[in-house]
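Accompanying notes for the structure given below.
The values are calculated or read from the model by the stated rules, or taken from the named source; none is laboratory data. Quantities reported herein were computed from a predicted structural model and do not represent experimental measurements. Don't worry about glycine lacking a Cβ; one is built from the backbone with ideal geometry, like all the others, and counts go over all protein chains shown.
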Amino acid sequence: MPRTTGRYAVTTTLGEAVRAFVPRPLPPAEPPLAKECFSDLNRQAEMALARLAGVSGLAPSVDWLLYSAIRKEALLTSQIEGTQATLTDLFDKEAGLKIHNADDVQEVTNYLRAFRWVQAQLHDPQGLPISVRLLCQAHGLLLDGVRGAGKQPGQLRRSQNWIGGTRPGNAAFVPPPPDEVAELLGALEHFIHQPHPELPPLVNIALVHAQFETIHPFLDGNGRIGRLLIAALLQAWGLLQEPLMYLSGYLKQHQGEYYRRLSAIRSHGDWEAWVQFFLEGVASAASQAEGNIIQTASLIAADRKHLLQQPKASPLSYRLFELLPMMPRFTAEHVRQQLQTTFPTASAAIRSLQDTGIVTELTGQKKNRIYSYQAYVELLSR
């Protein structure tokens with residue numbers, strides 16, 4: 001039986017009459033979502049998340065894992081929208097080094113700010129719950145001072161937008177008219193906070209993300225906020241206590257299918273194919289994150305053992321090594337500040353790590369040297 005997932009409202013924008021799609025409230029109905037389409041995939045995805053949570057104990061500090069995972073998610077979700085920054089660009093900015101594509105890196109940094117802010121709200125008993133207000137404030141942080149800063153940061157759109165095409169009349173998709181956005185988001189917020197035990201939490205997250213992207217409530221940044229919403233729901237619903245999975249990597253790798261599956265919901269009512277795609281993505285991304293944690297923990301453990309075997313290594317060089325997973329690119333001045341020591345002492349600690357092959361100097365210069373925990377950077381950049 002065909003499923004109708006919404007209606008069309010005729011609206012005029014830029015002098016053209018267009019048909020804007022207005023989605024029905026969740027969950028899918030007439031017919032309801034077919035459980036046989038997701039049961040096995042949901043079990044596999046939940047198992048992959050459980051394994052991921054289990055291996056996090058391999059690292060001495062979960063903060064090390066979060067440092068890299070959150071940055072990879074920030075980078076990949078921004079790359080989906082066309083940002084050209086790399087992980088090393090982000091590391092260089094955090095080390096205070098000069099970067100050539102400051103605007104792109106700032107977009108990634110803004111996503112990090114928005115992500116951390118949402119996390120803090122969810123951890124705080126007095127913080128905001130997942131809500132329209134939370135998403136609007138995160139959106140304000142996302143677009144602060146970057147491309148899109150003139151597109152009403154932190155505010156629901158007050159004009160018609162469209163996706164694809166050169167004008168509304170030839171657009172690939174026209175989201176709901178602006179005067180319906182607040183009501184649609186209110187219904188979505190109600191769905192998030194209303195128990196739906198007939199559907200597993202991961203399936204509900206898939207539904208919420210697709211519905212948010214269909215509503216497209218902002219003039220810019222909808223994709224990034226929608227993917228941030230996935231991470232927030234994984235945490236809020238207890239599926240992943242820490243954001244160790246970067247789903248945007250899978251969505252970027254399968255970007256064409258990602259967009260096609262979302263589009264098929266609107267055009268053919270095909271929620272099932274989207275849910276299957278999403279669950280496959282969660283299982284794949286969680287398994288990849290699990291493997292990366294094992295590789296990262298193994299690398300750090302091997303390098304630590306190697307350092308401890310060096311008779312000339314100083315206590316300060318050990319302290320510097322423990323900083324490297326959250327400071328993979330640095331200068332001697334950066335080390336001096338972090339270790340609160342003198343410049344000669346900081347330089348001696350760096351040389352100790354260079355002598356063991358753990359740290360590499362990148363410039364070949366005698367002054368203004370830049371150092372890298374290169375094996376670690378290359379591992380994270382895969």
key: Test: residue in the range 165-179 that is in a helix (DSSP H, G or I), of a type outside the set (S, T, N, Q), touching a helix residue (DSSP H, G or I) at 6+ places or on another chain (Cβ under 7 Å) and within 23 Å of T83 (Cα to Cα)   = no
task = Taking R24 as the residue in question, decide whether it is in contact with a Phe, Trp or Tyr (Cβ under 6 Å, 6 or more places away or on another chain) and over 18 Å from Q276 (Cα atoms).
result = no
task = Read through the list (1) modelled with pLDDT of 95 or more; (2) surrounded by 15 or more Cβ atoms within 10 Å (Cβ to Cβ); (3) farther than 25 Å from Q241 by Cα, then give the number of the only condition that Q106 fails.
result = (1)
task = May I ask you to verify whether F321 is of a type outside the set (D, E, K, R) and assigned by TED's automatic domain parsing to the domain that holds P153?
result = no
note = Checking L52, L14, L75, L97 in turn, the sole residue that is of a type outside the set (F, W, Y), touching a residue at least 60 places away in the same chain (Cβ under 8 Å), in the same structural domain as I230 (by TED's automatic domain parsing) and buried (at least 20 other Cβ atoms within 10 Å of the Cβ) turns out to be L52
query = Does T11 meet the test of being polar (S, T, N, Q), in a loop (DSSP other than H, G, I, E, B) and modelled with pLDDT under 95?
reply = no
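Is it the case that D124 is surrounded by fewer than 14 Cβ atoms within 10 Å (Cβ to Cβ) and in contact with a Lys or Arg (Cβ under 8 Å, 6 or more places away or on another chain)?
Working: surrounded by fewer than 14 Cβ atoms within 10 Å (Cβ to Cβ): yes; in contact with a Lys or Arg (Cβ under 8 Å, 6 or more places away or on another chain): no.
No; evaluated as a whole, the condition is false for this residue.
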key: Scope the range 76-110; condition out of contact with any Gly (no Cβ under 9 Å at 6 or more places or on another chain), assigned to a helix (DSSP H, G or I) and under 13 Å from R224 (Cβ atoms); matching residues   = S78, Q79, V108, T109
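So which helices (runs of 4 or more DSSP H) stay within the range 326-382 end to end and still have 1 or more residues that are under 19 Å from S314 (Cα atoms)? Before the answer, list the steps.
Values: elements: 332-339, 343-355, 374-380.
Once the helices (runs of 4 or more DSSP H) in the range 326-382 are filtered for at least 1 residues that are under 19 Å from S314 (Cα atoms), what remains is 332-339, 343-355.
Scan the range 307-321 for residues that are out of contact with any Leu (no Cβ under 8 Å at 6 or more places or on another chain) and either at pLDDT 95 or above or of a type in the set (K, R) (or both) and jot them down. Write out each step before concluding.
Going through the range 307-321, the residues out of contact with any Leu (no Cβ under 8 Å at 6 or more places or on another chain) turn out to be 308-312, 314-315.
Listed by number, the list holds a single entry, K312.
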request  = Filter the range 17-31 down to the residues that are without any contact (Cβ under 8 Å) to a residue 40 or more places away in the chain and assigned to a loop (DSSP other than H, G, I, E, B), then identify the one that is nearest to G169 (Cα to Cα).
outcome  = R24
note = Checked A206, A231 against criteria (farther than 28 Å from G145 by Cα and either assigned by TED's automatic domain parsing to the domain that holds A69 or part of a loop (DSSP other than H, G, I, E, B) (or both)); the one match is A206
Residue, surrounded by the most Cβ atoms within 10 Å (Cβ to Cβ), within the range 248-281, restricted to residues that are within 21 Å of L76 (Cα to Cα) and of a type in the set (S, T, N, Q) = S248
message = Taking the conditions exactly as written (in the same structural domain as G96 (by TED's automatic domain parsing), surrounded by fewer than 19 Cβ atoms within 10 Å (Cβ to Cβ) and not in a loop (DSSP other than H, G, I, E, B)), does S287 satisfy them or not?
response = yes
task = Please determine, by comparing only the residues of the range 355-382 that are among the polar types (S, T, N, Q) and surrounded by 14 or more Cβ atoms within 10 Å (Cβ to Cβ), which one is nearest to L307 (Cα to Cα).
result = T356
